[in-house]
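In what follows, a structure is listed as C-alpha coordinates, so that the remarks can point back to it.
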Amino acid sequence: MTETDTSLGYEQARDELIEVVRRLEAGGTSLEESLALWERGEELAQVCRRWLEGARARLDSALAAREAGADERGERDDRGSGDA
(Lines give C-alpha, C1' and ligand atoms only; values in the text may rest on other atoms or scores of the structure.)
Protein backbone atom coordinates (compact mmCIF):
# COMPACT_ATOMS: atom_id res chain seq x y z
CA MET A 1 0.00 0.00 0.00
CA THR A 2 1.42 3.36 -0.98
CA GLU A 3 1.14 6.54 1.03
CA THR A 4 -1.21 8.09 -1.55
CA ASP A 5 -3.62 5.18 -1.17
CA THR A 6 -4.32 6.19 2.41
CA SER A 7 -5.47 9.61 1.22
CA LEU A 8 -7.72 8.30 -1.55
CA GLY A 9 -11.40 8.75 -0.99
CA TYR A 10 -13.77 5.88 -1.60
CA GLU A 11 -15.06 7.26 -4.91
CA GLN A 12 -11.53 7.93 -6.19
CA ALA A 13 -10.37 4.42 -5.33
CA ARG A 14 -13.52 2.88 -6.79
CA ASP A 15 -13.20 4.81 -10.05
CA GLU A 16 -9.54 3.89 -10.44
CA LEU A 17 -10.37 0.27 -9.67
CA ILE A 18 -13.04 0.29 -12.39
CA GLU A 19 -10.45 1.59 -14.85
CA VAL A 20 -7.93 -1.07 -13.82
CA VAL A 21 -10.53 -3.82 -14.33
CA ARG A 22 -11.52 -2.34 -17.70
CA ARG A 23 -7.89 -2.38 -18.84
CA LEU A 24 -7.36 -5.94 -17.64
CA GLU A 25 -10.53 -7.15 -19.35
CA ALA A 26 -9.60 -5.40 -22.61
CA GLY A 27 -6.37 -7.36 -22.78
CA GLY A 28 -3.51 -6.37 -25.04
CA THR A 29 -1.12 -5.70 -22.16
CA SER A 30 2.14 -7.44 -21.46
CA LEU A 31 2.37 -9.96 -18.66
CA GLU A 32 4.38 -7.50 -16.59
CA GLU A 33 1.84 -4.72 -17.11
CA SER A 34 -1.05 -7.09 -16.36
CA LEU A 35 0.61 -8.12 -13.09
CA ALA A 36 1.18 -4.47 -12.14
CA LEU A 37 -2.47 -3.69 -12.91
CA TRP A 38 -3.61 -6.68 -10.87
CA GLU A 39 -1.49 -5.59 -7.89
CA ARG A 40 -2.83 -2.04 -8.15
CA GLY A 41 -6.36 -3.40 -8.31
CA GLU A 42 -5.77 -5.39 -5.13
CA GLU A 43 -4.50 -2.25 -3.37
CA LEU A 44 -7.49 -0.23 -4.54
CA ALA A 45 -9.91 -2.96 -3.49
CA GLN A 46 -8.36 -2.88 0.00
CA VAL A 47 -8.78 0.91 0.16
CA CYS A 48 -12.46 0.52 -0.80
CA ARG A 49 -12.91 -2.29 1.71
CA ARG A 50 -11.49 -0.15 4.53
CA TRP A 51 -13.79 2.74 3.61
CA LEU A 52 -16.82 0.45 3.57
CA GLU A 53 -15.87 -1.22 6.85
CA GLY A 54 -15.44 2.22 8.43
CA ALA A 55 -18.82 3.33 7.13
CA ARG A 56 -20.41 0.15 8.47
CA ALA A 57 -18.84 0.69 11.88
CA ARG A 58 -20.14 4.27 11.98
CA LEU A 59 -23.61 3.10 10.99
CA ASP A 60 -23.59 0.34 13.62
CA SER A 61 -22.45 2.85 16.24
CA ALA A 62 -25.17 5.34 15.31
CA LEU A 63 -27.83 2.63 15.38
CA ALA A 64 -26.61 1.37 18.75
CA ALA A 65 -26.66 4.90 20.17
CA ARG A 66 -30.16 5.44 18.81
CA GLU A 67 -31.34 2.17 20.32
CA ALA A 68 -29.72 2.99 23.67
CA GLY A 69 -31.43 6.38 23.66
CA ALA A 70 -34.78 4.79 22.92
CA ASP A 71 -34.27 2.29 25.76
CA GLU A 72 -33.46 5.14 28.16
CA ARG A 73 -36.68 6.90 27.20
CA GLY A 74 -38.66 3.69 27.65
CA GLU A 75 -39.38 3.43 23.95
CA ARG A 76 -39.27 0.17 22.09
CA ASP A 77 -38.85 -0.73 18.47
CA ASP A 78 -41.31 -3.55 17.82
CA ARG A 79 -40.30 -4.12 14.21
CA GLY A 80 -39.56 -7.76 13.67
CA SER A 81 -40.63 -8.83 17.15
CA GLY A 82 -43.61 -10.80 15.91
CA ASP A 83 -46.01 -8.85 18.16
CA ALA A 84 -48.73 -7.24 16.09
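The values are calculated or read from the model by the stated rules, or taken from the named source; none is laboratory data. Quantities reported herein were computed from a predicted structural model and do not represent experimental measurements. Note that we place each Cβ from the backbone using ideal geometry, even for glycine, and neighbour counts take in every protein chain shown. The protein model used for the area step is the full one, side chains on, heavy atoms only, and it has no ligands, DNA or RNA in it. Shrake-Rupley method; radii C 1.70, N 1.55, O 1.52, S 1.80 Å.
Points worth noting:
- Pairing residues of the range 14-29 that are closer than 14 Å to Val47 by Cβ and open to solvent by 60 Å² or more (accessible area, probe 1.4 Å) with residues that are of a type in the set (A, V, I, L, M, F, W, C) and at pLDDT below 95, at Cβ distances under 8 Å and at least 6 apart in sequence or on separate chains, gives Glu16/Leu8.
- Close pairs (6 angstrom Cβ cut-off, 6 or more residues apart or separate chains): modelled with pLDDT of 90 or more in the range 48-77, hydroxyl-bearing (Ser, Thr, Tyr) anywhere: Trp51/Tyr10
- Restricting Arg23, Arg14 to those that are part of a helix (DSSP H, G or I), basic (Lys, Arg), at pLDDT 95 or above and over 13 Å from the mean Cα position of the chain (by Cα) reduces the list to Arg23.
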